[in-house]
Each structure stands twice: as structure tokens, then as C-alpha cells.
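All remarks here apply to the structure that follows.
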Amino acid sequence: MRLLDACRRTPVDATPVWLMRQAGRYLPEYRAIREKLSFIEMCKRPEVAAEVTLQPLARFELDAAIVFADILLPLEGMGIGFRFTAGDGPVIDHTVRSAADLEGLRVVRPREDVPYLLETIRLVRAEIEGKLPLIGFAGAPFTLASYIVEGGHSRHYAETKKLMYGEPQTFARLMRLLADSVVVCLQAQVEAGAQVLQIFDSWVGCLSPYDYQRLVLPWTKRVLDGVSDLDVPVIHFANGASAMLPLVARAGGDVVGVDWRIGLDEAWRQLDEAADTPGERYAVQGNLDPVALLGPGDEVEARAADVLGRARGRAGHIFNLGHGLIPQTPPDNVRRLVDFVHSWRDS
Ligand code: CP3
């Protein structure tokens, strides 16, 4: 399967492509289900979550399925309840801003706490067996911590940074709890049938390289080390981190996910330089601006051609967006993009 080959930097017949948030509100068949169920209900009903996972695959020639779930789902079992609101996205009531707030929190137990996620993986795997690989995922410790400390989405990450700077030991305890939870969650997903793993560090771009290296990298590395013996390729996506890619790469993993704020050729050059030996180089995933998909079809192709041209047909490129698809995306442009990527031949 192309995606698995590309993760291992083996040559492929065409560049594999999947898209972050490939299942979601831009698809009318998703919105039809979402009218009847909340997002959380969809995640917690394995038949529904499996159906939604497969929706984009019925329309487009994508090279992977990604299980329909959310990075926040494991928090509930850790003792951190949350809900999704219509306007503001996720809201966490039990914020952690002091050592006392850590009392009673524990490492997630995937079989008890997210059984529906594991069942969804089993259902999807049975449907696509031998045809497409299934991606399991989790949030990186920093991105999860930012939700838990802020109580939701944030602009300045002021509370998170205050905790990092003012109470580094409390922050470290929270990061350890999250790292250990993420590892067991990913292990359970592989046992249930996930064949590739992706770690999403969506908000780590708010940090300076100084803080990333000292306070965050060790915990992401703990996650990547913790899953390195599972025999599945691991993609590490750090959004907004194109100015510190060599540091990001140091956390481990097989594939580095790159956002659109850097040329793919320059990103890959920096990653090559960061690798200890040529044999341990990284595969690269990315990196079209998701909002490029809102332009006319020809312009979508022009931007995809730029990404592919920078990859120069090198083994180990997985085409993706630089972040998730947005709900306004026209499905026809997604089709055009996927077909264009597959038809690309490096000249
Ligand atoms: O990629 C896929 O198709 C798999 C599904 C997936 C979802 N969330 C479904 C979802 C994945 C991989 C995620 C990960 C996730 N969740 C991340 C990391 C990826 C990224 O985009 O950076 C983050 C930060 C979250 C947290 C989260 N979940 C937010 C901030 C929101 C609200 C914003 C929004 O888009 O509404 C969600 C909700 C969410 N997760 C939706 C979907 C399809 C929308 C739910 C709805 O239908 O209302």
C-alpha cells in the first residue's frame, strides 16, 4: 500500500495522498448525520463513526482512512470532562492551573475509557482490509495541555505559558500524565488494527524554540519513544513549527508533517540535515495550504504542482494539507486535488 511504502521511504507508483479532516462538515453526507447527532454522539457510536470514516473514501481515491474521533476523547477517562459548543469549539470545565488541580487525574485506560474508538477501528479495518491502511491518532502532550489549562481554544496561550514559566513542576506533571495516556491510547489503537499513527501537535507553533526544546520536546519524545516498538510508521505533525523543524524532528517518528508556511524542499533539506545518519532520514508529509482548496480548480492544481515540484519525486513524500480541511471546502476541489496528485509524474 502506497502510504505505508512512502512512510518507509520506499519508491511508489504515484504519490500517496490523504487529507487531515478528510471526514467532516464539507461533505453533505456528513452534515446529514450531524443534523441528527452531536459530534460526540457520532464518535461514541462505532457504526456511525465507521460510516463517517468511510464517507470520503467513497468519493475520492484517497490512500488512507483516518479513524473518525477526536484528540480530546481520552481526557474524559483521565478525569477531565469536556463538551463541544456550537460557537466556541471544545470547552473544558476542569482546568489545570495549579498542583491541586492535578489531584484525582489518572492515566487513561483505553479499553474502559474509549472502547468505542477501538471498536470503530475494528469495524473500519474490516471494511478496508488489504485495500487501504487505517491511521490512528492522538494529540501531542502540549496541544492537549493547552486545552486543559486554557479551558478551550486560545489566542495567546497565556495561562498555559504562565503555568510553564511559573510552576514548571506542575506543568511537567501534567505533561507526563498526558504523554503516558497518549502512549497507551496509541498502543490500544494499534492492537485494534491501526496501521499508521499520527501525533497532532496543532498549537505548538505558539512557542519559542527555547521553550519548545526545554519544556515540550522531552514529552513529545517520550510519546514517540513509547510507540517506536509497535512496528507501525509514526507521523509527527507540528503545526506552526516550520521555524523549528530540526527540533521537531528530534522528538522521533518516521514522517514529519509540515505546514504550508515553508517550502517543502526547504523543509526536507532542514530535516535531512537534522538526521543523524543518511539511513535515518525522515519521510515528509504535506504541505498545501488548506485554504488553497477554496480557489478555482486551476489554482488548486497550480499550488499542488508547486508542492509536488518541490518534492521532486523523492521517495518518502506523502501529499497532505498543511493543516485540516475547512468546512467551506468544495468537495469537487478535493476530487480535483486527489486526482491531480496521483497523475503527477516528475519530469
Ligand atoms: O481527520 C479526520 O478526518 C479525522 C477526524 C478528526 C477530528 N478531529 C474530527 C472533528 C481529527 C484527526 C481531529 C483531531 C483534532 N481535534 C485536532 C488536531 C487536528 C487539527 O485540526 O489541528 C484538534 C486540535 C481537535 C480539537 C477539536 N475538535 C476542535 C478545536 C474542534 C472544533 C473546531 C471545529 O472544527 O468545529 C473539534 C471538533 C471536530 N473534530 C469536528 C470534527 C469533524 C467538527 C465537529 C462538528 O461536526 O461540529
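The values are calculated or read from the model by the stated rules, or taken from the named source; none is laboratory data. As the structure is a prediction and not an experimental result, all values here were calculated from the model. Please note: Cβ atoms are built from the backbone with ideal geometry, for glycine as well, and neighbour counts cover all protein chains shown.
So the values come out like this:
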| item | result |
| --- | --- |
| Selected residue (criterion: modelled with the highest pLDDT) from residues of region 66-84 that are near the ligand (Cβ under 9 Å from one of its atoms) and part of a strand (DSSP E or B) | Ile66 |
| Verdict on Leu224 being within 14 Å of the chain's Cα centre (by Cα), in a helix (DSSP H, G or I) and surrounded by 18 or more Cβ atoms within 10 Å (Cβ to Cβ) | yes |
| Region 227-251 - residue that is in contact with a Lys or Arg (Cβ under 7 Å, 6 or more places away or on another chain) and in a loop (DSSP other than H, G, I, E, B) and, of those, nearest to Phe319 (Cα to Cα) | Pro233 |
| Residue count, region 31-50 (criterion: touching a Ser or Thr at 6+ places or on another chain (Cβ under 9 Å) and either at positive phi or among the small types (Gly, Ala, Ser) (or both)) | 2 |
| Residues being loosely packed, with under 15 Cβ neighbours inside 10 Å, of a type in the set (D, E, K, R) and not in a helix (DSSP H, G or I) - total across region 85-131 | 6 |
| Subset of region 114-132 [within 14 Å of the ligand (Cβ to nearest atom) and touching a strand residue (DSSP E or B) at 6+ places or on another chain (Cβ under 8 Å)] | Ile121, Val124, Leu132 |
| Enumeration of residues in region 4-36 that are more than 12 Å from the ligand (Cβ to nearest atom) and in contact with a strand residue (DSSP E or B) (Cβ under 6 Å, 6 or more places away or on another chain) | Ala6, Cys7, Arg9, Thr15, Pro16, Val17 |
| Residue satisfying condition, being more than 8 Å from the ligand (Cβ to nearest atom) and of a type in the set (Phe, Trp, Tyr), within set Phe60, Phe39 | Phe60 |
| Residues being part of a helix (DSSP H, G or I) and either of a type in the set (Gly, Ala, Ser) or touching a residue at least 24 places away in the same chain (Cβ under 8 Å) (or both) - total across region 40-65 | 16 |
